[in-house]
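J.: Here it is: the structure, laid out below.
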Amino acid sequence: MGCGLIGILTSGGDCPGLNAAIRAVGKAAHSMDMEVIGFRDGFRGLVENRTVRLDNAALSGILTTGGTLLGTSRDKPHRFPVASSGTMNMVPVAVENYYRNHLDCLVCMGGNGTQKNALRLAKEGINVITLPKTIDNDIWGTDVSFGFDTAMAVGAEAVDRLHTTADSHQRIIVVELMGHRAGWLALGAGIAGGADAILIPEIPYSIEAVAEAILVRSRHGKRFSIVALAEGARPVGYDEHDDEEETNDFWHVHSLNLVNKLQEITKLEARYTALGHLQRGGTPTPNDRLLATRVGTRCVEMIRDGVTNSLVAVRGDDCIALPLEETAGQLKVVPEDHPWIESAKLVGTTLGEG
Ligand code: F6P
């Protein structure tokens, strides 16, 4: 591809590592004599043509910073919010702005929603590449996404810290972690932090089974228990269609219900902590900086080599170009036979199976 100008946008929920990835794309592009511009606030900035030049000065000193210097939004070009009439299809406007800026490729950093939005634009004939970004780690076809390692570290530290206060007060503490409809974050942080129960969306939980595991601990002299609860986890028998379109606030209802029921059944005092957006804030871990740099630089090599309309997917030490059709609309959830689940069980953690 005769490539001179790359556009970058960051879309969906932010996460640590986005600035490291912007820096990687920008610096690698400059090293190959390409220019880079950014669009502000995700696809919104592409539709509204709000750009920022990403020169050397703009890319300097951002490797370790959290958030995204470009800003982000959850706006989708095909259902773009407009004040008067709800939403409008702005895909043609997004495509027009791609050409107006004389772009050769658009790099979209995002999670599952972003893969779908990018595919829609690619189908209109423009060149798009996506980078795997999300604390949820649920993008199909990539081993891992940047943001996950940092969020897992925050989650693990929280589980660690809750141990001492739970112990002092002889309490059950239920800590709710993000992760949307996948359990990677709660499972990883729960194992690393030594949670006594880990409840994830992939395995509907029995409140009675969790309560029994806590009582068994009590009988063995353990006067406290920590439950790492994924926000998307649901009790056995819950009809998931009931909350398909609900907000995150709604998800807390399940957490509070669990806390109350555990208290009722075990007669132990129970408390609830939701980590929420703490997991998305702050500086990225070295692993996330490394990963963001790997996928960002690989992305520019792919652009140089004429590869587009793909996700830069991590496979072991390599990054491959995975066609957007193969990832968009699919969710990478935790398989029931995943080794992390086996390990959790073997160290005595309950997954709350009924
Ligand atoms: O996808 C990332 C994520 O943090 C999810 O884990 C969480 O469910 C959601 O975003 C929260 O979204 P918002 O920042 O819009 O509240």
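J.: Near Lys123, which lysines are there with a Cα under 17 Å away, not counting those fewer than 8 places off in the same chain?
T.: Qualifying lysines at Cα under 17 Å: Lys76.
J.: A further question follows. What's the Cα-based Rg to Rh of the stretch 1-120, Rh via Kirkwood?
T.: 0.97
J.: Dividing the Cα convex hull volume of the stretch 126-267 by residue count, how many Å³ per residue is that?
T.: 122 Å³
J.: Test of understanding: in a Gaussian network model of the chain with alpha carbons linked when under 10 Å, which of Leu215, Leu54, Leu131 would top the mean-square fluctuation ranking?
T.: Leu215
J.: Here's something else I'd like to know. Which whole-number percent is the relative contact order of the chain (Cα, under 8 Å, 6+ apart)?
T.: Computed over the chain, the figure is 23 percent.
J.: Which of the lysines could a cross-linker span from Lys332 if the Cα-Cα distance has to be under 20 Å and same-chain partners fewer than 8 positions apart are dropped?
T.: Filter leaves Lys116, Lys133.
J.: Right, next: Provide the net charge surrounding Ala328, with neighbours chosen by a C-beta distance below 15 Å and charges set as Lys +1, Arg +1, Asp -1, Glu -1.
T.: It works out to a net charge of +2.
J.: Using Stokes-Einstein with the Kirkwood hydrodynamic radius over Cα pairs, what translational diffusion coefficient do you get for the stretch 92-176 at 10 °C and a viscosity of 1.306 mPa s, in µm²/s rounded to a whole number?
T.: My calculation gives 100 µm²/s for D.
J.: Among 186-196, 41-51, how do they line up by average Cβ neighbours within 10 Å per residue, starting with the highest?
T.: Descending mean neighbour count gives 186-196, 41-51.
J.: Here's something else I'd like to know. Report the charge-dipole magnitude of the stretch 275-354 in Debye, nearest 20, computed about the Cα centre from +1 at each Lys and Arg Cβ and -1 at each Asp and Glu Cβ.
T.: Using only the charged Cβ atoms, the result is roughly 380 debye.
J.: If the convex hull of the alpha-carbon atoms of the chain is projected onto planes in all directions, what is the mean projected area in square nanometres?
T.: Across all orientations, the chain yields a mean hull projection of 18.2 nm².
J.: Another one. Dipole size in debye (nearest 20) for the chain around its Cα centre, Lys and Arg Cβ +1, Asp and Glu Cβ -1?
T.: The calculated dipole for the chain is roughly 800 debye.
J.: Related question: Tell me the net charge near Ser343. Cut-off is 15 Å between Cβ atoms, Ser343 excluded, with +1 for each Lys or Arg and -1 for each Asp or Glu.
T.: Value of the local net charge: -3.
J.: If you don't mind, another one. Would you list, by chain and number, the lysines whose Cα falls below 30 Å from the Cα of Lys267, excluding same-chain residues fewer than 8 positions away?
T.: Straight-distance partners of Lys267: Lys222, Lys345.
J.: Can you give the FRET efficiency for Asp318 and Ser60, using 1/(1 + (r/R0)^6), R0 = 22 Å, r = Cβ-Cβ distance, to the nearest 0.05?
T.: In this case the efficiency is close to 0.15.
J.: Now, a different point. Tell me the per residue accessible area of the chain using a 1.4 Å probe; a whole number in Å² is fine.
T.: Computed with neighbouring chains in place, this is 42 Å² per residue.
J.: Turning to a different aspect of this structure: Between Gly352, Val295, Ala328, whose Cα lies farthest towards the positive end of the dipole of the stretch 269-354 when Lys and Arg beta carbons carry +1 and Asp and Glu beta carbons carry -1, centred on the Cα centre?
T.: Ranked along the dipole, the leading option is Val295.
J.: With unit charges on the beta carbon (Lys/Arg positive, Asp/Glu negative), name the residue among Tyr205, Gly183, His220 whose Cα is farthest towards the positive pole of the charge dipole of the stretch 183-243.
T.: His220
J.: Percentage of Cα-Cα pair distances in the stretch 54-117 greater than 13 Å, rounded to whole percent?
T.: 74 percent
J.: Nearest-5 percent of antiparallel DSSP beta bridges in the stretch 1-113?
T.: Approximately 45 percent, going by the DSSP bridge assignments.
J.: Now for a different question. Which is farthest toward the positive dipole end of the chain among Val36, Ile265, Gly147, measuring Cα position about the Cα centre, with Cβ charges +1 (Lys, Arg) and -1 (Asp, Glu)?
T.: Of the listed residues, the answer is Val36.
J.: As a test, work out the antiparallel percent of DSSP beta bridges whose residues both lie in the chain, rounded to the nearest 5.
T.: In the chain, DSSP labels about 30 percent of beta bridges as antiparallel.
The values are calculated or read from the model by the stated rules, or taken from the named source; none is laboratory data. Keep in mind it's a predicted model, so treat the numbers as computed, not measured. Quick reminder, even Gly has a Cβ in these numbers, built from the backbone with ideal geometry, and neighbours come from all protein chains shown. Heavy atoms of the whole protein, side chains included, go into the accessibility calculation; ligands, DNA and RNA do not. Shrake-Rupley method; radii C 1.70, N 1.55, O 1.52, S 1.80 Å.
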